[in-house]
Amino acid sequence: MSIMVKKISAVYPGSFDPPTNGHLDIIVKASRLFSEVIVAITDNVNKKHIFSLQERLNLVQKSIKHLKNIKITSFSGLLADYLEKINSFIVIRGLRALSDFEYEFQMALMNRKLNKKVETVFLLPEQSYTFLSSSMVKEIALLGGNTADFVPKYVDKELKKRVVNLTKN
Ligand code: COA
């Protein structure tokens, strides 16, 4: 059931390396609240990514092709500047646990400081995803564990291939 009240778009930024079922859950929830959700993929300068920006774009694309009101893009530079460029000022972020709060709170306030039009909306994931993170999924995959329950099918397949390549080199 959709509870959308206004024609308004929102941006869900992240590094999505790789996108998990937790990310997807947030995208689905946001798609019910906003007329358009722009998934904006970027490099997080504090993280070492195993998939390139283009690959992550493709992974998200393949995972959400059943949803209608989603646009997938990438950006570089500051999120606050990107939002100005596309004239969309609502940022979606998932809040899994109290431990996310400090980082997310800082980021939301900093984005608003950089561009005062920016507001961040926090969505709570389903409880079953609160323990999930992209780093954990990568670690499990690299150590030969099964990640099928944590990521979309296509991502799982690509992750397995990437791990084989990474461990070969
Ligand atoms: N379910 C499961 N996992 C979730 C989740 C959910 N609902 N919500 C977040 N996560 C996890 C992710 O798996 C990821 O795990 P990891 O830390 O192990 O990789 C982590 O929480 C957050 O990742 P993600 O949502 O992909 O985003 P990010 O924190 O890597 O992205 C940016 C942060 C890209 C939004 C931020 O760095 C940014 O805006 N960069 C642009 C530059 C800029 O403007 N900098 C100044 C910011 S104030």
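The values are calculated or read from the model by the stated rules, or taken from the named source; none is laboratory data. Model, not experiment: these values are computed from the prediction. Cβ placement follows ideal geometry from the backbone for every residue including glycine, while neighbour counts extend to all protein chains displayed. Just the protein is used for accessible areas: all its heavy atoms, side chains included, with ligands, DNA and RNA removed. Shrake-Rupley method; radii C 1.70, N 1.55, O 1.52, S 1.80 Å.
Do we find that Leu59 is part of a helix (DSSP H, G or I), within 11 Å of the ligand (Cβ to nearest atom) and either touching a strand residue (DSSP E or B) at 6+ places or on another chain (Cβ under 6 Å) or of a type outside the set (D, E, K, R) (or both) in this structure? No, not satisfied.
If the condition is being surrounded by 15 or more Cβ atoms within 10 Å (Cβ to Cβ) and within 7 Å of the ligand (Cβ to nearest atom), then segment 134-146 contributes only Ser134. Among the residues making up segment 71-98, those that are in contact (Cβ under 8 Å) with a residue 40 or more places away in the chain, closer than 19 Å to Asp25 by Cα and aliphatic (A, V, I, L, M) are Ile90, Val91, Ile92.
Among the residues of this structure, Ser2 does not count as one that is near the ligand (Cβ under 10 Å from one of its atoms) and either at pLDDT below 95 or surrounded by fewer than 22 Cβ atoms within 10 Å (Cβ to Cβ) (or both). If you go through segment 75-89 and keep only what is within 13 Å of the ligand (Cβ to nearest atom) and either in a strand (DSSP E or B) or in contact with a strand residue (DSSP E or B) (Cβ under 7 Å, 6 or more places away or on another chain) (or both), you end up with Phe75, Leu79, Tyr82, Leu83. Among the candidates Ala141, Ala97, the residue that is within 29 Å of Val163 (Cα to Cα) and modelled with pLDDT of 95 or more is uniquely Ala141. Screening the candidates Ile41, Ile72 for the property of being near the ligand (Cβ under 10 Å from one of its atoms), touching a helix residue (DSSP H, G or I) at 6+ places or on another chain (Cβ under 8 Å) and not aromatic (Phe, Trp, Tyr) yields one hit, Ile41.
Each residue in segment 107-156 was checked for being among the basic types (Lys, Arg) and closer than 26 Å to Glu55 by Cα, and 2 of them qualify. Out of all the residues in segment 117-125, is one or more open to solvent by less than 70 Å² (accessible area, probe 1.4 Å), within 13 Å of the ligand (Cβ to nearest atom), of a type in the set (S, T, N, Q) and modelled with pLDDT of 95 or more? Yes - at least one qualifying residue is present in segment 117-125. In segment 99-113, the qualifying residues are those that are open to solvent by 90 Å² or more (accessible area, probe 1.4 Å) and either closer than 18 Å to Lys47 by Cβ or in contact (Cβ under 8 Å) with a residue 24 or more places away in the chain (or both), and the one that is farthest from the ligand (Cβ to nearest atom) is Glu102.
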